[in-house]
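Novice: My questions all concern the structure below.
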Amino acid sequence: MQIDWSYAWSALLKNWPMFWYGVKVTIAFAIVGTVFGFLIGLIIGAIRAIPMDPLDSTFVKGLKKFGRWITGFYIWVFRGTPMMIQAAFIYYLLRPVLNWNPITAGFVIISINTGAYMAEILRSGIQSVDAGQLEACKSMGMSNFQAMIYVVFPQAIKNTFPAIGNQLVVNLKDSCMMNVISVTELFFQASSIAGSNMRFVEIYFDTAIIYLILTTLTTALLNFIERKMLRDKEEEKKPIFREMSA
Amino acid sequence: MSQSIIQVEHLKKSFGSQEVLHDIDFSIEKGEVISIIGSSGSGKSTLLRCINLLEIPDSGSIRFHDQDILNSGLKPTDYRTKVGMVFQNFNLFANKNVLDNCVLGQRKVLKRSKEEAIRIAKEHLEKVGMSDFLSKPSTKLSGGQKQRVAIARALSMDPEVLLFDEPTSALDPEMVGEVLDVMKGLAKSGLTMIVVTHEMQFAKDVSTRVIFMDKGVIAEQGTPDEVFNHPKNPRTKQFLSRFLESTQANQTEE
Ligand SMILES: Nc1ncnc2c1ncn2[C@@H]1O[C@H](COP(=O)(O)OP(=O)(O)O)[C@@H](O)[C@H]1O
Ligand SMILES: [Mg+2]
C-alpha cells in the first residue's frame, strides 16, 4: 500500500482539462438537483403539510387524502432505493420513448431524488411554523394558498435553511452515481483517466481531494449565508456550524 | 329584516364528545361594543372562533347581514375579510416588518394598489402609535407594540366587526394600558367590536353590552350596569365576586 505523491501531483496537472470538465458537470448536477429538488420538495411538502380544513368539500378532502397517499408513495420509493438504481432504471426505461441523453436524464433523476428528501425537510419546516400564522392569514380573508406563499413558506424555508443547504453538499457527492448512465461528471472522468493510465490509487486520491475542496467551499458559503440570516434574528445570536458528516 | 350585522342562532360546537357551546343565540348590531366575560374554559374563545369560521359550528346558523354563511350564502374568505380578529398571541407575520404586516392582506385580498395600501396602513399605524416603527421586524417588538400593530393590521382591512380574543392577557402588566387605550379609542370612534376580556374595568367603562358565559351557554347579558351592579344569575354573582376579591387583593398588595 503506497501512494506515489509526485505522480499524483503530475497526473492532476496533466489531466486537469478532463478533471475540470468533470468538476463543471458535477457542479451543474449539484445546482440543478438542489434547485429543482427544492421546488419539487416545496410542492410535495406543502401537499403533505396542508391541514384538512373543515370547510373543505368532500371532493377536496378526498383530493387531499389522495395527494398525501401518492406523495408518501413517491417519498418512500425514492428515499428507499439507491439513486444509482433509480438512474439506471429510469434512464433505460424511458430511453426508447424520450430518446434522451444521459445529461438530461441525469438532471431529471437527481431532481426527483432530491425532491423526495426536500419534501420531508420542507414538510417539517411548514409544520413547525406556528399555527397562529395561518389563522391570522385566514382571519383576514386570505386563502390557504395565499397564506402558504406569502407567510408560511418564507418562514419554513428560513427555518430549514441548514437542511436545505445540506442537500447541495450531498448532491455534490452523490452526483457521482450518475456515472452509471455515463454522465461525464467528476467520478466518471476520474475513472477514465485512471483506466487509461492504469494508475488507480493516485488518480482516485486526486479525485477525493477535489471533492473535498468542493464540499468545503460550499459548506463555508452556506455557513456564511446562514450567519447572515441569523443576524436579522433576535433569538439566535450564535452562528450554527455545519457538520461535515452529511 | 333585522338590523344585526351578525346573528348567531342555536349554535353548537363539540370537540370530540365534549360539547363546548350549547345552543348559543346572539346578535350584534352596528356600533355595539360587546364584552364577553366568564371563567376560563367556558367557551368564549370557541364562540369567537366560530364567528370568524376558524372553527366550524356543528349546528345552528350564522347570518351576516341576513346572509347565511354556513350554507354557502357567502364565500368564507369574503366573509372573514369583513370580520377581523385580534388574537391573544398577536400572530403578527414573523417574516414581515410592521408596515408589511398591515399591507399584505390589503394587497392580496382587497387587491388595493401598493400606494393605497401603504397609505391606509400608515394611517392605522399612526392611530395606534406605531408609525415610528414601520420598517422594524415584527419579531423585535414588545408585546404591547405587537398587539397594537395587530390591531392596525386588522383595521387596515376595513372590517365591519372586529373580534378581540383576550387581547391583553399575554402582555406584561405595564403594557396592558397602551393596548386598552387604543381599544377605547376605537370604541369611541364607533367601531363594532366583540371583546373577550378579563379586564373588568374595561368591560364596565367601554362596552355597550356585557355577556357572561358559563359552561358553554350565555348565562346572562345586559348593559354593564345591569350585569356588574345588578346581576341576576347566581353564577354571575359568584364570578364577579371572585374577580372583585382578586382585584382588591391586588390593590392591598400594592
Ligand atoms: N381545538 C380544541 N380541541 C379540543 N378541545 C378544545 C379545543 N379548543 C377548546 N377546547 C375546549 O373547549 C372548552 C372551551 O374552551 P375555550 O373556548 O378556549 O374557553 P375560554 O376561551 O372561555 O377559556 C375548553 O374545555 C377547552 O379545553
Ligand atoms: Mg380563551
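What follows draws every value from the coordinates through simple rules; no lab data is involved. Everything numeric in this text was worked out from a predicted model, so none of it was measured. Positions of Cβ are backbone-derived with ideal geometry, glycine not excepted, and every protein chain shown enters the neighbour counts.
Novice: Could you check residue B:115 against (1) away from chain A (no Cβ under 11 Å); (2) closer than 16 Å to residue A:137 by Cβ; (3) out of contact with any helix residue (DSSP H, G or I) (no Cβ under 9 Å at 6 or more places or on another chain) and say which number it fails?
Specialist: (2)
Novice: Looking only at residues in segment B:40-92 that are part of a loop (DSSP other than H, G, I, E, B) and charged (D, E, K, R), which one is nearest to ligand 2 (Cβ to nearest atom)?
Specialist: Only one residue fits best here, namely B:55.
Novice: Give me the residue from segment B:5-23 that is in contact (Cβ under 8 Å) with a residue 60 or more places away in the chain and farther than 24 Å from residue B:202 by Cα and, out of that set, nearest to ligand 2 (Cβ to nearest atom).
Specialist: Per the criteria, the residue is B:20.
Novice: Oh, and also: Checking the structure you have, find out if any residue of segment B:235-252 is under 30 Å from residue B:12 (Cβ atoms) and in a loop (DSSP other than H, G, I, E, B).
Specialist: Checked against the condition, which is being under 30 Å from residue B:12 (Cβ atoms) and in a loop (DSSP other than H, G, I, E, B), segment B:235-252 yields no hits at all.
Novice: Something else: For segment A:94-148, give me each residue that is among the basic types (Lys, Arg) and within 14 Å of another protein chain (Cβ to nearest Cβ).
Specialist: Answer for segment A:94-148, where residues must be among the basic types (Lys, Arg) and within 14 Å of another protein chain (Cβ to nearest Cβ): just A:138.
Novice: Further question: For segment B:25-39, give me each residue that is touching a strand residue (DSSP E or B) at 6+ places or on another chain (Cβ under 6 Å) and either within 15 Å of ligand 2 (Cβ to nearest atom) or within 19 Å of residue B:168 (Cβ to Cβ) (or both).
Specialist: Those that are touching a strand residue (DSSP E or B) at 6+ places or on another chain (Cβ under 6 Å) and either within 15 Å of ligand 2 (Cβ to nearest atom) or within 19 Å of residue B:168 (Cβ to Cβ) (or both): B:33, B:34, B:35, B:36, B:37, B:38.
Novice: If residue A:204 satisfies every condition in (1) more than 17 Å from the chain's Cα centre (by Cα); (2) within 26 Å of residue A:72 (Cβ to Cβ); (3) hydroxyl-bearing (Ser, Thr, Tyr); (4) away from every other protein chain (no Cβ under 14 Å) but one, which is the exception?
Specialist: (2)
Novice: If you don't mind, there's one more thing I want to ask. Anything in segment B:161-180 that is in contact (Cβ under 8 Å) with a residue 60 or more places away in the chain and either within 14 Å of ligand 1 (Cβ to nearest atom) or over 30 Å from residue B:3 (Cβ atoms) (or both)? List them, or say none.
Specialist: B:163, B:164, B:165, B:166, B:167, B:169, B:170
Novice: Next question, about the same structure. When the residues of segment B:40-81 are narrowed to those that are at positive phi and exposed (fewer than 15 other Cβ atoms within 10 Å of the Cβ), which ends up farthest from the chain's Cα centre (by Cα)?
Specialist: Ranking the candidates gives B:72 first.
Novice: So if I check each of B:101, B:95, which one is away from ligand 2 (no atom under 15 Å from the Cβ), free of Cβ contacts under 8 Å to residues at least 40 places away in the same chain and not charged (D, E, K, R)?
Specialist: Selected residue: B:95, the only one of B:101, B:95 that is away from ligand 2 (no atom under 15 Å from the Cβ), free of Cβ contacts under 8 Å to residues at least 40 places away in the same chain and not charged (D, E, K, R).
Novice: Quick one: would you say residue B:84 is crowded, with 22+ Cβ neighbours inside 10 Å, touching a Pro at 6+ places or on another chain (Cβ under 6 Å) and either at the interface with chain A (Cβ under 8 Å from one of its Cβ atoms) or acidic (Asp, Glu) (or both)?
Specialist: Yes; evaluated as a whole, the condition is true for this residue.
Novice: Just give me the residues in segment B:40-64 being within 6 Å of ligand 1 (Cβ to nearest atom) and within 13 Å of chain A (Cβ to nearest Cβ), in sequence order.
Specialist: B:45 - this is the single residue of segment B:40-64 that is within 6 Å of ligand 1 (Cβ to nearest atom) and within 13 Å of chain A (Cβ to nearest Cβ).
Novice: What is the number of the single condition among (1) under 13 Å from the mean Cα position of the chain (by Cα); (2) surrounded by 17 or more Cβ atoms within 10 Å (Cβ to Cβ); (3) outside any helix (DSSP H, G or I) that residue B:213 does not meet?
Specialist: Answer for residue B:213: the failing condition is (1).
Novice: How many residues are near ligand 1 (Cβ under 8 Å from one of its atoms) and surrounded by fewer than 20 Cβ atoms within 10 Å (Cβ to Cβ) when one looks only at segment B:1-39?
Specialist: Counting residues in segment B:1-39 that are near ligand 1 (Cβ under 8 Å from one of its atoms) and surrounded by fewer than 20 Cβ atoms within 10 Å (Cβ to Cβ) gives 4.
Novice: Separate question: Condition first: out of contact with any helix residue (DSSP H, G or I) (no Cβ under 6 Å at 6 or more places or on another chain), facing chain A (nearest Cβ under 10 Å) and among the acidic types (Asp, Glu). Can you find one or more residues in segment B:97-104 that meet it?
Specialist: Yes.
Novice: In a helix (DSSP H, G or I) and under 20 Å from residue A:82 (Cβ atoms): which single residue out of A:137, A:176 fits that description?
Specialist: Going through A:137, A:176 in turn, just one is in a helix (DSSP H, G or I) and under 20 Å from residue A:82 (Cβ atoms): A:176.
Novice: In the set B:225, B:205, B:158, which member is within 13 Å of another protein chain (Cβ to nearest Cβ), away from ligand 1 (no atom under 16 Å from the Cβ), surrounded by fewer than 18 Cβ atoms within 10 Å (Cβ to Cβ) and closer than 22 Å to residue B:28 by Cβ?
Specialist: B:158
Novice: Tally up the residues in segment A:1-39 that are crowded, with 20+ Cβ neighbours inside 10 Å and either over 20 Å from residue A:190 (Cβ atoms) or among the small types (Gly, Ala, Ser) (or both), please.
Specialist: So the count comes out to 7.
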